[in-house]
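Working notes, structure below.
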Amino acid sequence: MNTTVFVVDDDMAMRDALVQLLEAAGLQAESHADGAVFLDAYREDRPGCLLLDIAMPGMTGLEVQAALKARDCAIPILFLTGHGDIPMAVRAVQAGAVDFLEKPIKGAALLERVRRALQLDQERRQAQGRVQAIQQCHARLSPREREVMALAVSGLTSKEIARQLDISPRTVEVHRTHVMHKMGAANLAELVNLATCCKS
């Protein structure tokens, strides 16, 4: 899916100028006049980043950021404002914004920050995809295989697992082999890392 730079600013001239700059640089842009309209239209499965004004009628930029956070939406946000101050910038960054830029800003500098934000979003989505794939592998384990995996990654030997589950060490080894194969782990260290992903 194509990445999109979402522009939210109540100033029509500014919105148009930003969209022209982004599209001239080969980026896909979509603009909205206020935060509520953007929140209604945006879906988490759309990759990209958000160029967000701070001072807008209705919802402020910080309120839009808070609404996205409440939805557990991690789209990278770059605040772009002519009304910024240091406390406001600190609040925005502490709440997860990747940048706080003051108008006017040179086009080249803005594009550099936007591309960095898009890269961050791509890396986050790739990591998310890896975790989901690992969790799907874990879900395909049998209940007994999950028990063996949990005990193995906690550091127990096959004999110790066999005693705890009241099965033979040979049966434990069979289950361990199945677990390693289904989880795609080459060794115990890899299995421990995969188990950590299953808990996230």
**Prompt:** Of the residues GLU30, GLU44, GLU23, which is under 25 Å from the mean Cα position of the chain (by Cα), within 26 Å of GLU123 (Cβ to Cβ) and without any contact (Cβ under 8 Å) to a residue 24 or more places away in the chain?
**Reply:** GLU23
**Asked** Which of (1) assigned to a loop (DSSP other than H, G, I, E, B); (2) within 21 Å of THR3 (Cα to Cα) is the odd one out, the single condition ARG115 does not satisfy?
**Response** (1)
**Request:** Select from segment 1-17 the residues that are farther than 25 Å from ARG125 by Cα and without any contact (Cβ under 8 Å) to a residue 60 or more places away in the chain and write down the one among them that is surrounded by the most Cβ atoms within 10 Å (Cβ to Cβ).
**Result:** ARG15
**Prompt:** Within the bounds of segment 140-149, is there any residue that is over 33 Å from the mean Cα position of the chain (by Cα) and over 30 Å from CYS73 (Cα atoms)?
**Reply:** no
**Prompt:** Wholly within segment 124-200, which helices (runs of 4 or more DSSP H) include no fewer than the required count, namely at least 3 residues that are touching a residue at least 24 places away in the same chain (Cβ under 8 Å) and open to solvent by less than 60 Å² (accessible area, probe 1.4 Å)?
**Reply:** 143-153, 169-183, 188-199
**Request:** Identify the residue in segment 45-64 that is under 19 Å from THR3 (Cβ atoms) and of a type outside the set (A, V, I, L, M, F, W, C) and, among all such residues, is surrounded by the most Cβ atoms within 10 Å (Cβ to Cβ).
**Result:** GLY48
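The values are calculated or read from the model by the stated rules, or taken from the named source; none is laboratory data. As the structure is a prediction and not an experimental result, all values here were calculated from the model. Methodologically, a virtual Cβ is constructed for each residue, glycine included, from the backbone with ideal geometry; neighbour enumeration extends over all protein chains shown. Note: accessible area is taken over every heavy atom of the protein model, side chains too, but ligands, DNA and RNA are not part of it. Shrake-Rupley method; radii C 1.70, N 1.55, O 1.52, S 1.80 Å.
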